[in-house]
Structures are given as structure tokens and as C-alpha cells.
1. May I ask you to compute the full-extension gain from residue 104 to residue 200, defined as 0.36 nm times their residue separation minus their alpha-carbon distance, rounded to one decimal in nm?
2. Can you compute the charge dipole magnitude of the chain about its Cα centre, using +1 on each Lys and Arg Cβ and -1 on each Asp and Glu Cβ, nothing else charged? Give it in debye, rounded to the nearest 20.
3. Using 7 Å Cα-to-Cβ label points, what is the residue 378/residue 277 separation (nm, one decimal)?
4. Give the lysines whose C-alpha is closer than 23 Å to that of residue 272, dropping any in the same chain fewer than 8 places away, or say none.
5. Using amide H atoms built in the peptide plane, which far-off residues or other-chain residues are under 5 Å from residue 162 H to H?
6. Mind checking which lysines have their Cα closer than 19 Å to the Cα of residue 185? Skip sequence neighbours fewer than 8 apart in that chain.
7. Please give the Cα centre distance for segment 441-479 versus segment 156-171, rounded to the nearest Å.
8. Does segment 49-103 classify as rounded, prolate or oblate by the C-alpha gyration tensor (a ≥ b ≥ c root eigenvalues; a/c under 1.5 gives rounded; else a/b over b/c gives prolate, otherwise oblate)?
Amino acid sequence: MNWKEKALRLLKDSLYPIPTELNEIDWKSGLSDKTDKLAQHLSAFANMQGGGILVFGVNNDGSCFNLSKTAIDEIVQKLGNIAQNNLNYPIQIAHAIMDYDGCSLLFVHIPEQQDKPVYLRGKDIFTSYHRSAGQTVKMSKGQVKALIALSAGLSFEKQIALKNLTIKEILSYLNYEFLFKILDKNVPTSTDSIISRLEDFKMCERAGELWNITNLGAILFARDLNSFPNMQGREVIVRKYVSTNNRQQEFEQHATLGYAVGFEGLVDYIMKHTAREQIEIKREAVPIYPRIAIREFVANALVHQDFAVSGMPVTIEIFSNRLTITNAGAPLNDINRLIDLPPQSRNELLAQTMFLLGICERRGSGIDRAVAAIEGMSLPAVRFTKSEQHTRVFLFPQKDIKDMTKNEKVEICYQHACIVYEDGKAINNQSLRERFGLNKNDSSVASRIISDTMEAGLIKPADTETNSKKYMSYIPYYG
């Protein structure tokens with residue numbers, strides 16, 4: 001796919017069903033007179049994997065209009081000058097005038113640069129920008145340093161957590177016993193065999209006569225994350241509150257084991273403190289949320305967090321009416337497409353290793369499985385939110401349909417359509433009634449929800465030639 005085809009697809013994705021600017025594309029209604037602001041956009045897209053697009057002729061509400069030739073010429077000339085003169089080195093950009101929905105729009109392509117970061121000329125290297133949650137924002141010092149390392153082929157996972165250690169010291173820092181337990185193998189009697197296996201998994205590397213522990217080894221198999229200076233603040237925090245707000249805290253727990261070592265225990269801990277007690281013949285803890293969903297969303301938060309953002313550890317908060325899971329870094333995919341699109345990971349080696357160790361599901365299936373499990377327990381739809389600095393997932397306990405808002409019903413209908421569509425099928429009135437636990441006499445209620453979801457632009461008829469509403473089926477808007 002060339003950049004022009006990609007630009008048209010991105011514009012469509014950003015405008016429909018709900019107008020929202022994506023990281024890869026930025027709408028513009030006109031040319032800003034602030035040269036620095038335009039240079040920031042070029043810097044951000046030049047620093048982003050795959051580059052990005054500025055599209056002129058789109059208002060803030062997502063409506064489009066025709067640009068005059070004079071306006072187009074002025075924009076192209078000014079952006080070309082900025083690309084040549086206002087960044088730390090000149091970059092080449094391209095443009096094209098293309099029709100979209102009856103309007104002639106100007107698309108400007110800023111390709112990813114190999115030598116990163118690209119920053120503003122006359123400023124220091126920390127005047128670098130990136131795209132986050134559909135906005136152009138200044139990078140933190142940590143993000144700039146991470147980008148420099150990544151540009152040099154040194155991802156976070158490959159960087160060194162502790163260096164110049166003996167084999168004995170390596171084994172004192174890393175829980176190698178747990179690695180062999182996961183692999184279902186006996187721990188070798190030879191320390192050379194143990195260190196060789198750790199090296200195979202890139203948990204450590206040879207440094208002459210001594211050894212280094214990589215960030216990957218520390219983050220996954222640390223006996224204590226606080227033993228590694230650059231891992232402090234990477235522990236997982238679980239907080240439980242008395243009610244629906246954070247004014248009265250019941251407890252706060254910090255999990256300082258490496259993610260692989262402590263993962264199942266962390267999931268057990270969350271399940272224990274979200275379960276409700278049921279007393280019949282004997283006391284029994286009844287889960288409020290499906291374990292699969294907790295497991296997948298926590299694993300996603302660990303894998304997809306932005307390690308360049310400091311002071312924002314993965315945090316699980318338990319309220320009486322919801323559970324939230326927060327990680328640093330805006331999502332790399334559109335939050336409306338997290339169910340169907342393959343995940344994009346900031347930490348590819350971490351994601352791959354957690355998959356190989358059986359902690360994460362096969363790529364692209366985790367969120368599907370989690371949402372399907374939520375449907376299986378007839379819970380409200382999971383909700384995803386984002387900001388420039390974080391991603392947050394909300395889970396909710398069971399709720400009667402009469403107590404749900406219109407938006408909550410629409411969210412359920414849309415996610416139901418996504419999950420069914422992943423199986424190559426379409427939803428209908430009956431399947432939605434079953435999702436909400438409604439009987440046949442409530443078909444009008446299901447019809448109303450389907451109508452509201454269509455009005456929101458989230459679903460569409462699967463077959464446009466079917467005239468009978470009784471036999472109508474529906475698929476997600478992207479189908």
C-alpha cells in the first residue's frame with residue numbers, strides 16, 4: 001500500500017463512525033501562522049514509526065470542505081520551507097490533492113526518519129515531539145532517551161539493568177528456578193547450563209569475563225524489582241477502595257516480583273479481592289469478573305506500557321462498582337478497534353517472550369477472549385479510555401438492563417457485534433436478546449438498542465438488500 005492509499009484509509013478510519021484524530025493523521029482546517037507549531041507536527045510524524053499525514057480541508061468536527069488552489073500552494077510552500085529549514089536536519093515531505101467524500105483535500109506525507117529524534121532547529125535535542133492519543137506533544141527526557149536507543153537498535157528490553165556481575169550474582173538477582181518451572185524442566189545442576197538458558201532467552205548477556213542482566217531479564221524474573229535502579233517504579237500496584245470513589249482506601253499492595261514470576265499470583269490476588277462472599281451451606285467466594293478478562297487485560301497493561309514514561313506504574317484499582325487497569329502510554333491502535341486489529345506493541349521482545357512463556361495469548365486473541373468472557377458472564381461492556389500519557393480499561397459488575405444508560409447498551413451491542421464478526425457471523429435481534437438476557441417478548445427493546453447503535457455509526461446491516469427488519473442482521477461498521 002502506497003502512502004496515498006494509506007492516507008485515504010486513515011482519513012476514513014478517523015472520521016467514521018465517530019470523528020477522532022488518530023496518531024497517524026492530523027486534520028487541519030487551515031494553515032497556522034505559527035511556524036514552530038507546524039515544525040512540531042513535522043517533528044512528531046518524522047519520529048513516529050511509519051510516519052504520518054497532515055490533511056488540510058477538515059474541520060475540528062470532522063466535516064470536509066474544498067481548498068482553493070491559492071490555499072494549497074501556500075500550504076505546500078510553507079511546509080516545504082519548514083521541512084528544509086526549521087528542523088535539526090532537512091527532511092523530504094510529499095503532498096497530493098485527493099478527493100474524499102466529494103471534497104478536494106490536501107494530504108501531506110511526513111515519512112519516518114531513520115536518524116531520530118528529529119527536533120526543532122536551534123533548540124536542544126529534548127525539543128522533540130511525538131504523537132500520543134491523536135495529539136502532538138513534547139517528549140519527556142525519558143522518551144527522548146528511549147527513542148535514541150531505539151533508533152540505534154537498542155530497545156528497552158535489550159538495555160542493561162545491572163552490569164559486570166558474576167554468575168553467582170546473576171542467579172541471586174533473577175528467579176531462574178521459576179523460568180525452568182514455566183518451561184516444565186528440571187533446574188540443571190550446572191550453573192553454566194542455567195546461565196546459558198538465561199542467555200538464550202536474552203535475560204542476560206556476556207560482558208567479557210563477567211555478565212550483564214538485561215532489562216528483559218529484570219522486568220520478567222527479578223526476585224525484587226527494587227534491586228534494579230532503573231526498575232524502581234515499575235512494580236504493579238493494587239489498590240482497593242471502600243466505595244465508588246478514591247477518598248477512603250481499604251489497602252494498597254505493591255507487587256515487586258518480576259512480571260513472569262508474580263503474574264499468576266497477581267491475578268489470584270485481584271480475583272480474591274473482587275469476589276463477593278456467598279453463604280449457603282458453606283462460605284464461597286463468587287467471582288464478579290471473569291478470570292480470563294482480568295488475566296488478559298493485566299497482561300496487556302504490562303506488555304504495552306510505555307517504559308519511557310516515569311512515575312506511572314501499572315495500577316489496578318478496585319471500587320465497589322468497577323475495576324480499572326491503568327498503564328503508561330496512549331494506545332497505539334484506535335480504542336474502537338482494539339478487539340479486531342492486531343495489537344501494536346511498544347515492547348516487541350517483551351510481548352514475544354511473555355507469549356513464549358505462556359503468559360500472554362497468541363497475538364491478537366487476548367482482548368477477543370476477554371470480551372467474550374465478559375459476554376459469557378452477562379456483564380456490561382468493557383470500556384477503553386486514553387489520554388496523552390495513559391491507557392485505562394474499565395470492567396463493571398453485573399447490572400440490570402433497566403439500570404443501564406443508552407450509551408452502556410450501545411457499547412454492549414457494538415462489542416457483541418465485534419465478537420460475533422470475529423467468528424465470521426452477524427448479530428441479529430435474537431442474539432442481542434440473548435446477550436442481554438431478554439425473552440422473545442422483548443424484541444422491541446433489542447430493536448431499539450440496535451437502532452441506537454446504528455445511529456451512533458458503530459454497526460451496519462450485513463446485507464443491504466434485505467428489506468425485512470425481522471430477518472436483518474448486523475456487523476461492525478468496519479466490516
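1. Difference between extended and current length: 29.1 nm.
2. Computed about the Cα centre, the dipole is about 440 debye.
3. 2.6
4. Cross-link targets: 240, 282, 399.
5. 213
6. 202
7. 57
8. Prolate is the answer for segment 49-103, as a/c is 1.5 or above and a/b outweighs b/c.
Every read-out reported here was derived from the displayed coordinates using simple, explicitly stated rules and does not represent laboratory data. What you see is a predicted model; the values in this text were computed from it and never measured. Note that we place each Cβ from the backbone using ideal geometry, even for glycine, and neighbour counts take in every protein chain shown.
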